[in-house]
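The values are calculated or read from the model by the stated rules, or taken from the named source; none is laboratory data. For clarity, every value in this text was computed on a predicted model and none was experimentally measured. For neighbour counting, all protein chains shown are included, and Cβ atoms are generated from backbone atoms with ideal geometry for every residue, glycine included.
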Amino acid sequence: MISPERQAQVLRLYHAERWRVGTIATQLNLHRDTVARVLALAGLPPIEPAQRASMIDPYMPFIRQTLETFPKLTATRLYEMVRQRGYRGSASRFRQQIALCRPRPVAQAYLRLRTLPGEQAQCDWGHFGHIQIGQARRPLMAFVMVLSWSRQVFLQFFMNATTASFVRGHVAAFQAWQGVPRVVLYDNLKSAVLERKGELIRFNPELLSLSAHYRFEPRPVAPARGNEKGRVERAIRYIREAFFAGRQFDSLEDLNTQARQWCEQVAGQRRCPEDTTLTVTQAWMQERSHLLTLPENPYNTEEVLAVHVGKTPYVRFDLNDYSVPHTHVQRTLSVRASATEVRILDDQGVIATHPRQYDRRQQVEQAAHVADLVQYKRAARHHRASDQLLKALPECTTLLTRAAERGEPLGRTASTLMDLLQRYGVHEMRRAVQEAVTRDVPHPNAVRLALERARHAQQAPLPVGVTLPEHIKQRDRIVVPHALAGYNNLLGEANDDQH
């Protein structure tokens, strides 16, 4: 507001001196709207700037007609259409004009929704950035459910927004409240609604199974109507401002512990909008008796999926590898995972149990699985040596059988006999093995002693027990020198050609 003296001065300059509004505003250091308002209060008609012809005026009928037919048509597309009809103005000026003449949606009025105690809850996800777990960067998602009458808030954070986490959030909320509301409102997220066409809704089967177990009605709101579940929307905003802003936490478990304390203490001490004489906690205590009772058994929240084991004894689940017994490679198994544990099953039952990891590219192993695989590979090598030995020298069957009866290591026995077979040959080995069996000494040293005794009796040298690599053996090949007479013939032919 300006003083009466300044108002009188404005009126004098306008009527007596015939100054323009802009000149008065400049000289008196006032805004031109202030000068116009003083003149309007004095009974003068409002002063409007003179309208000048614009390049867009000839195209306004076409623009209005197009916007009436296509109200959501962008200014960029409309600008191209007008340019094709001869408009040569700038794009920025055109957008300003379109913003003024574009039809505005009619303002909608909303009813204030009221619910009865225990009748309804509203549920939604909230994104709160990311959390780093080792090498994995996972989204930090808040599952929020609010009782519509008492405004009691349930808050739990997860590292994803999958259907499994969605179901776990419901079960945890119902257990925390010791009851179930009759109706739960959702928006059209995939964990609740897989497909929707008008009033035809195809719910997520997991949500239908959950609702059948706890006997509540899942009810999605109309598309793009977030106001229908405004209680949970405001609760998420309240959580961002009053709980999460500036919050320090060491882990997801620590964050959820702080969230439970905050819901019970800070959020529970607010005034209940339905009855301002009560706090939220007091209203919730009254509402608990109106909730549906919990079933005897909680809903099973494990994730179940089929996985294929390749050549290595590991199954891939949620970015990590979990070990299984080596006897289950090249098979399809089943994984049942909770928030803290991963169980792997075959047709007979559980074959492995691991703590769940939220890192990535980790090999989660059981020491027994690795030890069994190592032992199996060693036994396989021993079996291969035994098979090769018996195929070349069947007479060794009796010796190996008696060696096993005496507790001798079969793998080492078979390997030693294979070395002797390669050095002495089949004929000498057959006699030596028969002699060791006859003497009832089923040991490789007895066979070696028999072989050396036979060579000594024949005054033959013992074979050298060194096996050279193939590229060294190539050096011992006999090379036949080429006759040099051919080179003389070539030189003679070359001299004849020169002459």
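With respect to the stated conditions, M81 fails to be closer than 30 Å to N256 by Cβ and either surrounded by 14 or more Cβ atoms within 10 Å (Cβ to Cβ) or not assigned by TED's automatic domain parsing to the domain that holds D275 (or both). Looking only at residues of segment 396-418 that are within 14 Å of V437 (Cβ to Cβ) and among the β-branched types (V, I, T), we find that the one that is surrounded by the fewest Cβ atoms within 10 Å (Cβ to Cβ) is T401.
Of R412, R439, all but one fail to be of a type in the set (D, E, K, R) and at pLDDT below 85; the exception is R412. Every test in (1) among the aromatic types (F, W, Y); (2) assigned to a loop (DSSP other than H, G, I, E, B); (3) assigned by TED's automatic domain parsing to the domain that holds A259; (4) out of contact with any Lys or Arg (no Cβ under 9 Å at 6 or more places or on another chain) is passed by Y87 save one, and that test is (3).
Tell me which residues, restricted to segment 408-447, are closer than 17 Å to T398 by Cα, of a type in the set (K, R) and either part of a helix (DSSP H, G or I) or touching a Pro at 6+ places or on another chain (Cβ under 9 Å) (or both). Those that are closer than 17 Å to T398 by Cα, of a type in the set (K, R) and either part of a helix (DSSP H, G or I) or touching a Pro at 6+ places or on another chain (Cβ under 9 Å) (or both): R412, R430, R431.
Limited to segment 179-226, what total is found for residues that are β-branched (V, I, T) and under 17 Å from W125 (Cβ atoms)?
3
Table: residues versus (1) farther than 18 Å from N204 by Cβ; (2) surrounded by 24 or more Cβ atoms within 10 Å (Cβ to Cβ); (3) in contact with a Lys or Arg (Cβ under 8 Å, 6 or more places away or on another chain).
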{"residue": "Q135", "(1), (2), (3)": "yes, no, yes"}
{"residue": "S150", "(1), (2), (3)": "yes, yes, no"}
{"residue": "M159", "(1), (2), (3)": "yes, no, yes"}
{"residue": "A173", "(1), (2), (3)": "no, yes, no"}
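Among the strands (runs of 3 or more DSSP E) confined to segment 127-245, the ones with at least 2 residues that are more than 25 Å from L113 (Cβ to Cβ) are located at 136-147, 153-158, 193-197. For G118, the conditions (1) crowded, with 16+ Cβ neighbours inside 10 Å; (2) in contact with a Phe, Trp or Tyr (Cβ under 6 Å, 6 or more places away or on another chain) are fulfilled apart from (2). Of the residues Y79, Y59, which is modelled with pLDDT of 90 or more and either in contact with a His (Cβ under 7 Å, 6 or more places away or on another chain) or not in a loop (DSSP other than H, G, I, E, B) (or both)? Answer to the check: Y79.
Here is a yes/no grid of residues against (1) in contact (Cβ under 8 Å) with a residue 40 or more places away in the chain; (2) acidic (D, E); (3) in contact with a Ser or Thr (Cβ under 6 Å, 6 or more places away or on another chain):
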position: L294; (1), (2), (3): yes, no, no
position: Y299; (1), (2), (3): yes, no, no
position: R316; (1), (2), (3): no, no, no
position: D321; (1), (2), (3): yes, yes, no
position: H328; (1), (2), (3): no, no, no
position: S338; (1), (2), (3): no, no, no
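Criterion applied to L305, L333, L373 was being more than 18 Å from the chain's Cα centre (by Cα), in contact (Cβ under 8 Å) with a residue 12 or more places away in the chain and assigned to a strand (DSSP E or B), and the one residue passing it is L333.
For E296, the criteria (1) within 30 Å of D347 (Cβ to Cβ); (2) surrounded by 13 or more Cβ atoms within 10 Å (Cβ to Cβ); (3) of a type in the set (D, E) hold in every case but one, which is (2). Please work out if G86 is of a type in the set (G, A, S), surrounded by fewer than 11 Cβ atoms within 10 Å (Cβ to Cβ) and within 30 Å of F62 (Cα to Cα). In short, yes.
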